[in-house]
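Read the structure below first, then the notes.
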Amino acid sequence: MITQSLHRVTTQDGEKIAVWQVSDDPVEQQYFADKTKIKAQNILMIHGTFSDKRVSLGMAGYLAKLGHRCYIMEWRGHGDSSIPSDKFNFETIAFYDIAATFQYLFDELKVDNLHAVTHSGGGICLTMFLTQNQHYIAKINSITMVACQAYGAVLNTQSYAKITLLKTMTRLLGYVPAKRFKLGPINESYHTMSQWYNWNLGKHFQSSLAKHDSDHQESSVDETFDYRQLMPSITIPIYAISAKGDHFIAPPSGCQLFLNDFNNSTNVFCEFAIKNGHLEDYNHSRIILSSNAAKEVWSTIAAWVNRHTKV
């Protein structure tokens, strides 16, 4: 039977981040039924904008039935995590929420292996975190990024106009009405989404963090730092999944561009599309949460984890 247990970790700025463990009884170390004697793995799952743990639960249950232990981290302001009083953006998630989760997994639980499975903005946040916390790179066996890109959504003048319009509307409203636009159950603020808009419209991956001097006094925003400069330092094998029908948030060409900037020949890219023999031209959400994804996408992620499991 699949079980869920909740633990909340405290970030450096005092927020409570929900980390759900999803496992199959018994939760002790298991081996696969096919007698390949592959050790059960720890898998961290990170959702993106407009989402919470629900987008990952189906796949987590599937992986748990294979003997793995899954941990789903929910962003601040999402799901069972605390609702912050201060504004936050992608870098807040990366350097506070993910940082606290990694400390919990490695320092408190003392996991001896870890794979990451991310959806959309979850992969963006993980990427930023690892560029600035490179001591974790050797501790992660593999990464799967589902529908993830940060600066490749503009394909033509039409998509540029669409993102510009959405940015303007979000600024006027103060948030994105996610349910109205069928993006997900959670609204996102303009402050959060403005980074994504700016990255894609400007075709860059620049940091919004303030640069500090030697006395740790805030001086100015470093407009020159682009995370792409350090992406090649992330040498973890990455499996990038794109969806043919994802025309706006993470088009396949944008996902390919993001993966290419890690500059690692061991990384693998897959576009799920009817033309490639798959069941449908998936959209941004169905690529991770749908009956067809359960039939043909999830198994490829399990295979990537198996491939990078150290016995």
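The values are calculated or read from the model by the stated rules, or taken from the named source; none is laboratory data. As the structure is a prediction and not an experimental result, all values here were calculated from the model. When we count neighbours, we look across all protein chains shown, and the Cβ atoms used for this are built from the backbone with ideal geometry, even at glycine. Surface areas here come from the heavy atoms of the whole protein model, side chains and all, with no ligands, DNA or RNA. Shrake-Rupley method; radii C 1.70, N 1.55, O 1.52, S 1.80 Å.
Below, the figures for the structure above:
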{"quantity": "Condition check for ILE72: free of Cβ contacts under 8 Å to residues at least 60 places away in the same chain, outside any helix (DSSP H, G or I), in contact with a strand residue (DSSP E or B) (Cβ under 8 Å, 6 or more places away or on another chain) and under 17 Å from PRO185 (Cβ atoms)", "calculated": "yes"}
{"quantity": "Matching option when the condition is part of a helix (DSSP H, G or I) and farther than 18 Å from LEU201 by Cβ, among ASP80, ASP107, ASP112", "calculated": "ASP107"}
{"quantity": "Restricting segment 50-92 to residues that are open to solvent by 20 Å² or more (accessible area, probe 1.4 Å) and among the basic types (Lys, Arg), the residue that is farthest from LEU126 (Cα to Cα)", "calculated": "LYS65"}
{"quantity": "Complete set of residues in segment 129-164 that are within 26 Å of PHE272 (Cβ to Cβ), open to solvent by less than 50 Å² (accessible area, probe 1.4 Å), in a helix (DSSP H, G or I) and not hydrophobic (A, V, I, L, M, F, W, C)", "calculated": "SER159"}
{"quantity": "Enumerated helices (runs of 4 or more DSSP H) restricted to segment 250-311, each holding at least 3 residues that are surrounded by fewer than 16 Cβ atoms within 10 Å (Cβ to Cβ) and small (Gly, Ala, Ser)", "calculated": "none"}
{"quantity": "Of the criteria (1) under 19 Å from VAL22 (Cβ atoms); (2) within 15 Å of the chain's Cα centre (by Cα), which one LEU66 fails", "calculated": "(2)"}
{"quantity": "In segment 121-153, the residues that are touching a residue at least 40 places away in the same chain (Cβ under 8 Å) and under 19 Å from THR309 (Cβ atoms)", "calculated": "ILE137, ILE140, ASN141, SER142, ILE143, THR144, MET145"}
{"quantity": "Residue among ASN283, ASN276 that alone is without any contact (Cβ under 8 Å) to a residue 40 or more places away in the chain and not β-branched (Val, Ile, Thr)", "calculated": "ASN276"}
